[in-house]
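Participant: Mind looking over this structure? Questions follow.
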Amino acid sequence: MHRRVSGLAVALATFAIVLSAQPAHADFRLCNNTGSRVGVALGYKDGEGWMTEGWWNISARSCETLLRGSLVARFYYVYAVDYDRGGEWSGQAFMCSRDKEFTIRGIEDCLARGYDRTGFFEVDTSEQRSWTVQLTESTDQAPQQPLPQTTPLIPSPPGGSQQKQTK
């Protein structure tokens, strides 16, 4: 079950995005590189429109495949909560969610439809077939230079304050 967290702990977290280096798999994965358990919700646009799904509960220092197969969109949106220490990874792309497990079609009128309106951060996959998002604590330092056969780690401001882009 998802629980609300205070905004104070938002500054404790940052994230980095890494292209998966395994060409044989085409998935959207998320790695929790923190010492806490996290809950993750995902939003994306497929052939039928916008969809949000949650919750994946990911143990400390582990990875989970959120979507299997080739990616259907360039932009994905992630919201994550640190269950153990509080805080969240969030952004300015507002989508529908709820406290319990969910699959929600559409991102409009969340409150009127009985859902929460939640700020997700944007992940630009550059139309790659597979992608991995790395959640890290703010004290972790991401390398500033590209790693061999991967895309560069891209540090983000605390709280994931990305802007939603529309195509």
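Participant: Please compute, for the alpha-carbon atoms of segment 7-137, the extent along each of the three principal axes and give them in descending order in Å.
Facilitator: Principal axes ranked by extent give 43, 37, 22 Å for the Cα atoms.
Participant: While we're looking at this one, here's another question. Work through the residues other than T103 whose Cβ is under 15 Å from its Cβ and net out their charges, Lys, Arg +1 and Asp, Glu -1.
Facilitator: Neighbourhood net charge equals -1.
Participant: Amide H to amide H, which residues 5 or more places from S36 or on other chains are under 5 Å from it, using H placed in the peptide plane?
Facilitator: For S36, whose amide H was placed from the backbone, the distant partners under 5 Å are R61.
Participant: Between rounded, prolate and oblate, where does segment 66-120 land on the alpha carbon gyration tensor, with a ≥ b ≥ c its root eigenvalues, rounded for a/c under 1.5, else prolate if a/b exceeds b/c?
Facilitator: oblate
Participant: Please list the non-local residues whose amide H lies under 5 Å from the amide H of E88, H modeled 1.01 Å from N, same-chain partners needing a gap of 5 or more.
Facilitator: Excluding prolines and chain starts, which carry no amide H, the hits are V10, D82.
Read-outs throughout are calculated quantities, based only on the coordinates presented, and are distinct from any laboratory measurement. Since this is a predicted model, take the numbers as computed values, not measurements. Backbone-built Cβ (ideal geometry, glycine too); neighbour counts: all protein chains shown.
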